[in-house]
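Everything on this sheet refers to the single structure shown next.
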Amino acid sequence: MNRTADGKYYHLKLTGLTPGTLYKFQYVVDGSIKTTDPYLS
């Protein structure tokens, strides 16, 4: 992932997605903790 210039946030660019389709994301923290995207929960 890429960090913003102020160091507060991370981001990455996804390709191959279809416009208008709802996608949900899951993150793995420290290799074992799974969590969903808090903005789409």
What does the convex hull of the Cα atoms come to per residue for the chain, in Å³?
-> 114 Å³
Quick calc, residue 27 & residue 3: beta-carbon distance into FRET formula, R0 22 Å, rounding 0.05, result 0.90
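Since every read-out is calculated from the coordinates, none of them should be taken as a lab result. Just so you know, these numbers come straight off a predicted model, no measurement behind them. Counting neighbours? That spans all protein chains shown, and the Cβs are built from the backbone with ideal geometry, glycine included.
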